[in-house]
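Below is one structure; the comments refer to it alone.
The values are calculated or read from the model by the stated rules, or taken from the named source; none is laboratory data. Computed from a predicted model, the values in this text were never measured in an experiment. Glycine gets a Cβ as well: all are built from the backbone with ideal geometry, and neighbour counts include every protein chain shown. Quick note on the areas: whole protein, heavy atoms, side chains included, nothing else; ligands and nucleic acids left out. Shrake-Rupley method; radii C 1.70, N 1.55, O 1.52, S 1.80 Å.
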Amino acid sequence: VWDNLRKVLLVNTPINNSQGLSVLLGLLVSLPNTPITAIQILYSNFICAVTLGFVTAIEPAEDGIMIIPPRRVGKRLIGRFLFLRIVIGTCLLTGCVVGSAIIINSHSRYDYLDVEEPGKGRLQMMRACAFNVLDFGAMSVMLSARFAYNSSVHPRAFMGNPAAVGSIVIVTILQLVLTYVPGLNSFVFGMRGLDWFGWVLVLCSMVLVFAVMEIEKAIRRSLKAKGADTDDRTTPFFTDGSSAPPGAAAMTMPKGASKLNLQELNH
């Protein structure tokens, strides 16, 4: 349960962070408008939480989990390495979303949209690409997050949990429907059908996000093999700062226990 909670945080937190940061960064780099709309953000929040986040919530225990020492008493969910992974995932998704929007906004292949629909056509294409980059990039984060240490560059990334493949299929179908169904894409979501170049950007973003997340995991495995504390089991981080004295058991009485007149047993 502990590991699955951390995995859910690793999936949902970067997605949520990148949505707001993409809007902010898009304005800072002087895009003509926000790369994603409010309705796209609401949709991504919902669909990613109930599909991609759900996958990690019911993820079976990883191989080798029984040889991992128990966590430190008082350790909170977010340690330094999980925090690092969340930051990396957030930066990757935000960078890919805004980067794809910049490419669409500046590429000459979309000049015809400025003639057909001035001030609207290119913006709709930009948002269609950024929207798909966000949600398909979230799939890459989920596939990597399924395993805390073991590599996801393996067929097991699609095995062991039927919800993994099911969520990918569901999100993919919904993305295609929202992108190409007339009226739904333009009137509701403020975008238009994506062309092949846009899908190339989406695919490249997926590969980039997945590759960097896996590289970080490989580095962490290497550090762990050398004896580094990559689980935050000894060094306090995001805790209350308290630690047990040397040689003493790291257990504390719960709040209010003093009112129960509990007696210490002498052995």
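Per residue of region 20-35, what does 6.51 cos²θ - 1.76 cosθ + 1.60 with θ = phi - 60° give for ³J(HN,Hα)? Whole Hz please, x for Gly and Pro, Karplus curve as stated.
Each residue's phi maps through the Karplus curve to give x, 5, 5, 5, 5, 5, x, 6, 5, 8, 6, 5, x, 7, 5, x Hz.
Would you mind getting me the FRET efficiency between Leu27 and Trp2? Use the beta-carbon distance for r and R0 = 45 Å, nearest 0.05.
After rounding, the FRET efficiency stands at 0.70.
Go ahead and run the numbers for FRET between Val50 and Ile219, Cβ-Cβ distance against an R0 of 35 Å, rounding to 0.05.
Efficiency computed from Cβ-Cβ geometry: 0.65.
Any chance you could look up the accessible area of Thr51 with a 1.4 Å probe, heavy atoms only, rounded to 10 Å²?
The value for Thr51 is about 10 Å².
What list of ³J(HN,Hα) values in whole Hz, one per residue of region 90-102 in order, does the Karplus curve 6.51 cos²θ - 1.76 cosθ + 1.60 (θ = phi - 60°) give from phi, with Gly and Pro shown as x?
Each residue of region 90-102 in turn: 5, 5, 5, 5, 4, x, 5, 4, 5, x, 5, 5, 5 Hz.
Can you run phi through the Karplus equation (6.51, -1.76, 1.60; θ = phi - 60°) for region 196-205 and list ³J(HN,Hα) in whole Hz, with x for Gly and Pro?
Once rounded to whole Hz, the list reads 5, 5, x, 5, 5, 4, 4, 5, 4, 5.
Compute the length gained on full extension between Ala61 and His154: take 0.36 nm times their separation in residues and subtract their Cα-Cα distance, giving the result in nm to one decimal.
31.8 nm is the gain from fully extending Ala61 to His154.
If the chain between Leu208 and Ala228 were fully stretched, how many nm would it gain, using 0.36 nm times the residue separation less the Cα-Cα distance?
4.5 nm
What number comes out for accessible area per residue over region 111-179 if the probe is 1.4 Å? Units Å², please.
Each residue of region 111-179 exposes 37 Å² on average to a 1.4 Å probe.
Which length gain, in nm to one decimal place, applies between Thr172 and Ser106 when the Cα-Cα distance is subtracted from 0.36 nm times their residue separation?
21.1 nm
Just to be sure I understand the model, the point goes 7 Å from the Cα along the line to the Cβ. What's the resulting Trp199 to Val87 distance in nm?
Placing both labels 7 Å along Cα→Cβ, they lie 3.7 nm apart.
So what does Asp195 come to for accessible area, using a 1.4 Å probe and Å² rounded to 10?
30 Å²
As an exercise, identify the chymotrypsin sites (Phe, Trp or Tyr not before Pro) in region 138-176 lying in DSSP coil whose Cβ has no more than 11 other Cβ atoms within 10 Å.
Taking region 138-176 and a limit of 11 other Cβ atoms within 10 Å, no loop chymotrypsin sites (Phe, Trp or Tyr not before Pro) are found.
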